[in-house]
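No lab work stands behind these numbers, since they all come straight from the coordinates. Keep in mind that what you see is a predicted model, and the values were worked out from it rather than measured. Counting neighbours? That spans all protein chains shown, and the Cβs are built from the backbone with ideal geometry, glycine included.
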Amino acid sequence: MKKTTLALLLSAILSSASAVAEETPSQPNTNIVNITINNIGDDSGLEMGTGSRARGTGSIATGKNSVALGKNAVATGGNETKDSITKKLAENKQRLDEISTAEANTARLLDELQKIRKVEADVIEAGERVKQVRLAKQSAYNVWQDKLNLYNTTKDGAADFLRETQAKIDDLNSRLTGISRIGSIDISSDEGLTKAATQLKSIAEEGTTLNLGVDFYKDYVSSYYKAIGDLRLAYSKRPTYFNYGLYNSSQIQPLNFSRVLAGDGIFKGNILAIYNDLYVAGDKEIVSLHARSDYIEDIGNSGTFIDEKGNINRTYFADDFKDAFNKSSTNLPPINVSTDVITQQEYDNVIERFNAIWNKVEETFNKLKAPFLTGEMRTDLKNNAYRNLINYRINLDKVYYQGKYEETKNTAWLDKKVNANKAYSDLLNQYKVTKSPSTYFSELSVEFANLRDTWIKENITDVEEKNRITTATLTSELEKALGINKNAVAEKQAEIARLKNEADQAKSTYDNTNPSAADIALSQRYEEIMRQLTDKANALKAEQERLQALKDALTLHDLTNVGENAYALGTNALATGTNSLAIGTDTIATGENAIAMGKGSVVTGNNSIAIGVGHNVLGDNSGAFGDPDYIYGDGSYAFGNNNTIGDPNKVHQIGNNTFVLGSNVVTTANNAVILGANSTGADNTVSVGATNNLRKIINVANGQIANKSQDAITGDQIYDILQNATNINVANWQAKLKLGTSTTTQPTTTSDIDIVDSTNTTVTKTTANNKTIFTVNVANDAIKSAIQSDLDTKANVDASNINVTKFAEKLGTGTVSDDDTNLVTGKTVYTAIQQAAINGADVSNKANRDANNLTAQDVANWQEKLGTDKVEANSKQLVTSGAVHSYVRDMNRNTLDQANTYTDMRINGLKQHTDKQIKQLKEETRAGIASAMAMSAIPTISNKRYSVGAGTATFRGESAVAIGLRVKSDKDNAVVSFSASASSNGDIAGAAGFAFGF
């Protein structure tokens, strides 16, 4: 095998079995040489045929496209063998010795090259890296200079354009700022505003064809002053959401909502300053209900207490239930109905706190002055507080009752505990709630947010937008009047910036492309090592050329291309026949297209096969399968062990076309089928056993019993014949047997009569009353055989075998009449009925089915009777043409619109589907390309047995990452590689490869 590469990959070249380095055009400091390596392994045999291969000690392949694999394997042709070939080769021993010497020199030089490569691998690799980096640096320098020149050329060429454009832009800016040069003018009046607008118009449009209306400049001036004056005040009043807790409507509970509820008329005037305005008002008692809205909602829950100002309040947390009684706290302690119990004293203490809070609810809610707090809302919030307190009292009673039960074991307390909810049901019904506090807070938060957004729009957003529009309009019109193309300027500036960036990046690449210090240090001996390798490579090349010349000059008598397409695989295997195959130790295949597979099997017949151990197949077109069989006949096959077909002394003469399925069968029969072990056969027979080894043939289908039938008859059929011999024609039987004719001859004496048994008769002789009586019995088979041919032509009594057509012709001769008693056919009856119907009916005033006898008046009458003016679904009536015309006219209007709509919808749907499929296909294709690029980008370490790497790639918006593994054999003559990748669209790809060098 030959490969071509550059000397810069010499380390990879020397690790393979053979390689050829292809010279490239010389360049400065490249040191590239030609290296050719042809390594013939020690296990290679003699290959003397075109396209032949011989591998193994002593192997020989002389046939064209033949293969010999194994020790002493021979693939040849004619009558050649290993011995005959060896004898002829001895005459060329001297030249073969020279070839052997050249091969040894080649191997030695290759080994020396490999040793240099292994010892100096680091120097070679470092030298190549330094060379490549320096080439890359020169290339980077060239790219940098090209991009720098392009940048400078483009920048210099655009200087005049940008200078002129900048002058126009400066003029534009001067006109736009003309309002600052108007002077002190009061624009609060329309007269003052008009004066300011007129002056600004003069400044802005001076020397141009621009002619905007004074009203436009009035809007411009007013929006300008409003933007720079009123916006500051508006922004100063715009708090953040967190300042006032006005969250968006998706949040149920806004922060600090109690402050909103506690607002007054100031709130309406300035919603954005609500937080500050409430406190500026000085009425801090209004918001003493504390900060969060959920405090209002949770009045009556644990943690509720009356603060030092006498208002209901709550904490973020509550003390432990027991601790609450050991501290001077006014909190309602938390209650866990499942685990807590309280004493009488604790219960009385909590009831006292509970009553104090209950009595404060009304007063607390009366302090709420929020303008949005309606009467319904105030009532619901207050009732919710009462309901919370009632539910707390229910839980308090339950833990109290539980404590009393545990103290007294009186179950009456448990009854009270169970009925605690019912005891307060009437009280709960007095404090009904239509909406929960969270619902009110959510609704109000939306309303407050809307008010806030409206105020911001009117006082900030609209002002900014109007000022932006007037400024943009004046700017646009002035740009047109002054001939300013900002897009062209921006594009040119962007182009220059892009070119500069590219030049800077190219310079950075050039500056950073340098070999490492370690590589420079190692590469000091690179030139010397490369000289040594080149000398060795040239010597190796010369020795290889000498070896090839010796091989080309070698004459091996007539053995070149002796045989064709022969394959010998195995020790001492021999294949000489064209297209023959010998597989296994000591196998021989000498016939054309012969196959011998198995130790010691021999096939000399053409187109024959042997699979197994020790077969001998000498016949043509024959085969043996098992261990061992001997086939001497043509066209014969044996499946089994120890079978012999034919005679070794009469090959091709006997035992032809015989098939054996079994073992231990010996036969010389022709055209025979022999089944079963130890069976025998004869010519033109099928045998399933032997004389002393009989076998039954079972499960046979019934054969046909007929005059010329060749089918096998089963026992069941014979038994049926013997038991059911019916329908016998006795007269025919007697005629066949010469019986039935009564001829009387009066014998003179009994000695004149002698009746004996015959083939189908039995005679019994008796004596009675001085008379001799002869009883003759005839066999049933003889009778039935004699009359069977006549029976086959007779009809059965059940008519099961009659010819219906013939019987109908003979019997169906009657007519349809009063006095005819014969049978009639269906056709005769049909004709009679049809004729009677026509002759007996008056059809003069009847319409024909094709309406060919209708007059114009008849047609009109039929249309009047059958036609209707209604076109309806599922109607089966005929309709007039006028009705159809009207229906179609009305329908077309609706149907056309529907059809157009439907067609547009389908086309749009198909377009969307097609676009989606195309997009998906593009993404998959690009991802696949990225995966392939990522796998191909994985580098390898050539002088290492194991190499693991990774690669990544991107292609038109899709990307992929890949990992790879490369493993070399310990002899450097085989490589296997694996790689896998994952792309950005989720696809996983894998690849594997194998290479073998020899």
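Sequence-ordered 3J(HN,Hα) estimates for segment 48-61 from the Karplus curve with 6.51, -1.76 and 1.60 and θ = phi - 60° stand at 10, x, 4, x, 8, 9, 10, 10, x, 4, x, 6, 9, 10 Hz, glycine and proline given as x.
Between residue 918 and residue 956, the C-beta separation translates, for a Förster distance of 22 Å, into a calculated FRET efficiency of about 0.95. Listed values for segment 147-153 are Karplus-derived 3J(HN,Hα) couplings in whole Hz (6.51 cos²θ - 1.76 cosθ + 1.60, θ = phi - 60°), namely 5, 5, 4, 5, 4, 5, 4, and x replaces Gly and Pro.
The modelled label-to-label distance between residue 706 and residue 767, using points 7 Å beyond Cα along the C-beta direction, is 5.6 nm. Cross-link pairs exceeding 21 Å between alpha carbons, from the set 457/486; 115/137; 195/486; 64/551; 806/827: 457/486; 115/137; 195/486. The length gained by stretching the chain between residue 406 and residue 967 to full extension, at 0.36 nm per residue less their Cα-Cα distance, is 193.8 nm. Take the Cβ-Cβ distance between residue 516 and residue 171 as r, set R0 to 41 Å, and report the resulting FRET efficiency rounded to the nearest 0.05. Once rounded, the FRET efficiency stands at 0.10. By the beta-carbon count within 10 Å of each Cβ, the least crowded to most crowded order of 615, 652, fewest first, is 652, 615. P(r) for segment 389-442, please, calculated from all Cα pair distances in 5 Å bins and given in %. It works out to 4, 19, 20, 16, 13, 10, 7, 5, 3, 1, in whole percents. Here's how it looks for residue 623: its modeled amide H is under 5 Å from those of 609, 636, 637, 638, which are all 5 or more places away or on a different chain. In summary, segment 927-996 shows an alpha-carbon radius of gyration equal to 1.18 times the 2.2 N^0.38 Å reference for compact globular proteins.
Subtracting the Cα-Cα distance of residue 374 and residue 122 from their residue separation scaled by 0.36 nm leaves 81.6 nm. Applying 0.36 nm per residue to the separation of residue 698 and residue 202 and subtracting their alpha-carbon distance, the gain on full extension is 166.0 nm. Annotation: peptides 575-587, 637-649, 341-353, ranked by per-residue average of other Cβ atoms within 10 Å with the highest first, follow the order 575-587, 637-649, 341-353.
The calculated FRET efficiency for residue 802 paired with residue 685, based on their beta-carbon distance and R0 = 45 Å, is about 0.60. Determine the alpha carbon to alpha carbon distance for each of 71/944; 382/435; 360/422; 131/944; 82/599 and list only those over 23 Å. Table pairs above 23 Å Cα-Cα are 71/944; 360/422.
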